[in-house]
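The values are calculated or read from the model by the stated rules, or taken from the named source; none is laboratory data. Since the structure is predicted, the reported quantities are computational estimates derived from the model, not experimental observations. For neighbour counting, all protein chains shown are included, and Cβ atoms are generated from backbone atoms with ideal geometry for every residue, glycine included.
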Amino acid sequence: MTNPPVCAIVGVGPGNGAALARRFAAEGHALALLSRSTGFSEQLARELGQARAYACDAGQPEQVAQAFDAIAQDLGAPDTLVYNAGAGVWGHIEAVQAADLESAWRVNVLGAFAATRAVLPAMKQRGRGNIVFIGATASLRGAAGAAAFAQAKAAQRTLAESMARHLWPAGIHVALIVIDGVVDLPRTRQRMPEQPDSFFVQPDGVAATAWWLTQQDRSAWSFEVQARPFAEKW
């Protein structure tokens, strides 16, 4: 019996992370669930069955490296990496501090760099693999109140683009999903109680897009997919 393919998801919470895990598990993958704390991810791993939770602060490269060493030992080298970790302080240039920029950069860019470096050797040896980044509106434009967050998400996008240009010829599909909208979570519903269902991005929809990217034919790969609610004016 052959081992199932392994999908590592960095940044697992009750929104996109959980939806991504459930979708890839339903498609027959073993799951490595990485998050700063493991209370939620361990419960999710028990629900999914062939899954393990790993404590990992994505902004600390040494923790990322240790987590992926453990994943290789426990499950095998990942066939797919989904980088969903994202953090940032909101505020304009006069409100945020230098530490806010650094913190956002560490999680959104340095963590993505470290996770990619961890999975690349096995992917290159196999001649195939998938790396999917979960971006945001800030990946494409800097709102006045996103001085700390936007610089990190924009840097993540250009890192992903550089990686795609380098790694596609090696058979490794690097792609980015730009979520241009508000993800449907209890806290966002509470903050925006007046908004209809059609206003929100559904995590299951994001997960379906991520899965679709990993299944694309090599002759027609996508790099960037912009995902937004069907009723949004843009």
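Computed quantities for the displayed model
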read-out	value
The stretch 169-198, residues that are polar (S, T, N, Q) and not in a helix (DSSP H, G or I)	Gln195
Where a residue in the stretch 208-234 is in contact (Cβ under 8 Å) with a residue 40 or more places away in the chain and its partner, wherever it lies, is basic (Lys, Arg) and part of a loop (DSSP other than H, G, I, E, B), with Cβ under 7 Å and at least six apart	Trp234/Arg228
The stretch 138-158, residues that are in contact with a Lys or Arg (Cβ under 8 Å, 6 or more places away or on another chain) and in a helix (DSSP H, G or I)	Ala138, Ser139, Ala150
Residue list for the stretch 162-202, restricted to those being surrounded by 11 or more Cβ atoms within 10 Å (Cβ to Cβ) and acidic (Asp, Glu)	Asp180, Asp184
Leading residue by the ranking (surrounded by the most Cβ atoms within 10 Å (Cβ to Cβ)) among those in the stretch 117-161 that are hydroxyl-bearing (Ser, Thr, Tyr) and at pLDDT below 95	Ser139
Whichever residue in the stretch 199-234 is over 21 Å from Asn84 (Cβ atoms), part of a helix (DSSP H, G or I) and hydrophobic (A, V, I, L, M, F, W, C) and, among such residues, is modelled with the lowest pLDDT	Phe199
